[in-house]
Amino acid sequence: MAQARISSSLPPNIDHTKASVAFGERALPKLNEELKDPELITRQRSLMALCDLVHDPENVYKALRLGFLEGLKNLLYDEDGTVRQKTTEVLYIMARHSMGREGILKSDIIPALSRLLDDPVAVCRKNMHQTFEMVSELPAGAAALVDADLVPHLVEKLNSELEEIQELILDTLYYCLKADTAQALNSGAVFVLKDKLNHKSVGIRRKAACALMGISVPLTGKDKVCQEDVVPLLVHLLEDSDTMVRANAAGALMNVTVTTQGKYAALGCGAIPKLLALLGDGCSKVRLNCLKALTTLSEAPEGRKVLLQNVNQIQGYVEDPSEAVRRAAAIAVRVIQWKP
């Protein structure tokens, strides 16, 4: 005769590392209460469950309305590494939603997050930098990071962080440079970025060149790039195997060569032949940045003399498939052929 037996094992679809989620509208309020629980395992399990829930933008909206961010801010100071790790993971997932980024900015959570810059748990630091990168994509977010004086710390961490985290920092710096370049310049960012141009990682080279393109927009940045002798490295990167490294290097040269000092630094490194060779690149961004750099170089008598011999090559790109390239080519031809 069959007998009923009760197994001591949990059902196969139950994850004992996560808190049981209450039904319906009670789910998030219950988790919010458990995040404040003095019992460590309760906090850990609640965060595990919350990580799953905040993938849904509707739950992000509800969590913001229930004041979750204040509790999460407090958990960033928790002594337990797992609690800090899962808290930063929740914040990163929330930051992937526009309302989450706005909520983070309104809650003033950035200073609390920045305390984890030296956290011993690498995953915590990675989650923190992923959150910063997502927030910095908003102009208000980049301004908030600058206002929190985070840029010097980000520059410093480029010398010591893991490679994958360095890429996140470079992305964040690029967006912060759109808001303000003074902090980066004062903290020696050009020297640090120059070193990254020789990095074995394609991603780091690409993003370092992109950051240099941003930092060289103001005149002080252009001058600093020339003073640190970065132009020869940028010219060298025009022959890099990666398309975006070439595009960003050409973009940085485009900015730097606006000044007389930058023009002659690039001319002295043989930039014109390499820029002309890249006009046939399959990437329109490379062609566009090269044409703009050639246009500024043609403003120097020595540059115009060389480019007049190649004006027919540039003229050919007036019929380029890209409208931006066509316009840049027309401007380049006009500047090269200009006579006083």
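General remarks:
- Rounded tilt (10° steps) of 284-297 against the dominant C-alpha axis of the chain: 40 degrees
- Distance between the range 231-249 and the range 79-113 - C-alpha centres, whole angstrom: 36 Å
- Cα-based helix-to-principal-axis angle, 243-256 vs the chain, degrees rounded to 10: 60 degrees
- Across the chain, the relative contact order, built from alpha-carbon pairs under 8 Å that are at least six residues apart, equals 8 percent.
- Most fluctuating residue given options MET99, MET254, MET134, as computed from a GNM of the chain linking Cα atoms under 10 Å: MET99
- Highest to lowest packing among 303-314, 151-162, scored as the average C-beta count within 10 Å: 151-162, 303-314
- Read-out semi-axes √(5λ) of the Cα gyration tensor in Å, derived from the coordinates shown; its label in (1) 51, 21, 17; (2) 26, 25, 20; (3) 33, 24, 19: (1)
- Distant alpha-carbon pairs in the range 94-139 (separation over 17 angstrom), percent: 28 percent
- Sorting THR295, THR220 by solvent-accessible area of protein heavy atoms yields THR220, THR295, largest first, with a 1.4 Å probe.
- Mean separation of Cα contacts under 8 Å, 6 or more apart, over the residue count of the range 201-340: relative contact order %: 20 percent
- Inter-centroid distance (Cα atoms) of the range 118-176 relative to the range 265-340, Å: 36 Å
- Counting only protein heavy atoms and a probe of 1.4 Å, the accessible surface of the chain is 52% carbon and sulfur.
- For the chain, the longest principal axis of the Cα atoms and the long axis of helix 98-107 meet at an angle of about 80 degrees.
- Surface analysis of the chain yields an accessible area of 48 Å² per residue, using protein heavy atoms and a 1.4 Å probe.
- Here the chain is scanned for chymotrypsin sites (Phe, Trp or Tyr not before Pro) in DSSP loops (not H, G, I, E, B) that have at most 14 other Cβ atoms within 10 Å, and the longest stretch holding none of them is 78-337.
The values are calculated or read from the model by the stated rules, or taken from the named source; none is laboratory data. Since the structure is predicted, the reported quantities are computational estimates derived from the model, not experimental observations. So basically every Cβ, Gly included, is an ideal-geometry build from the backbone, and we count neighbours across all protein chains shown. These area figures cover heavy atoms from the full protein model, side chains too; ligands, DNA and RNA do not enter into them. Shrake-Rupley method; radii C 1.70, N 1.55, O 1.52, S 1.80 Å.
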